[in-house]
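Please treat every number below as a calculation from the coordinates, not as lab data. Quick caveat, the model's predicted, so the values are computed rather than measured. Heads up, the Cβs are rebuilt from the backbone with ideal geometry, glycines too, and the neighbour counts pull from every protein chain shown.
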Amino acid sequence: MPIASGGAIGILSRIISRVRAAFPKTRIRVRLDGGFGTPDILDYLDEEGVEYIVGYASNSVLVSRARKVMDMMRALSVISNKTETIFSEFQYKAKPWPKPSRVVAKAEVVRFPGCDPRDNARYVVTQL
């Protein structure tokens, strides 16, 4: 287990146990930055029944999977001359992950007056 994962799991474990002790019927959901989206942490959260949303860095596979919706937003933004956003989802399995996970992709083209349009794609991994 990577040191960062082990440290994060220890911290999450203490927080989760305290929240459960104080609020036993509460559903727990965590939001993590992409650096914490390791198989160890995701497995731990799954085992504990904790909902998660993990930011995930862009890569060539995710860009390819979101290409159609990104192209649609570029075309729509040209027509509307406004910022355009859409969300899509798909199953994705990174090499170190034991199983595919749900990825929600935000395909957005941002427009600011006097500036060229800018793509703003974001990805999160979740089991929600």
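What the table below lists for this structure:
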item: Residue within region 29-51 that is over 22 Å from residue 9 (Cβ atoms) and in contact with a Ser or Thr (Cβ under 7 Å, 6 or more places away or on another chain) present; result: no
item: Checklist (1) free of Cβ contacts under 8 Å to residues at least 12 places away in the same chain; (2) over 19 Å from residue 128 (Cβ atoms); (3) touching a strand residue (DSSP E or B) at 6+ places or on another chain (Cβ under 8 Å); (4) of a type outside the set (A, V, I, L, M, F, W, C) applied to residue 83, failing item; result: (1)
item: Failed item, numbered, when residue 12 is tested on (1) closer than 21 Å to residue 93 by Cα; (2) touching a residue at least 24 places away in the same chain (Cβ under 8 Å); (3) part of a helix (DSSP H, G or I); result: (1)
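Every residue, every condition in (1) within 13 Å of the chain's Cα centre (by Cα); (2) under 24 Å from residue 121 (Cα atoms); (3) free of Cβ contacts under 8 Å to residues at least 24 places away in the same chain, yes or no:
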| site | (1), (2), (3) |
| --- | --- |
| 26 | no, no, yes |
| 33 | yes, yes, yes |
| 45 | no, no, no |
| 55 | yes, yes, no |
| 64 | no, yes, yes |
| 71 | no, yes, yes |
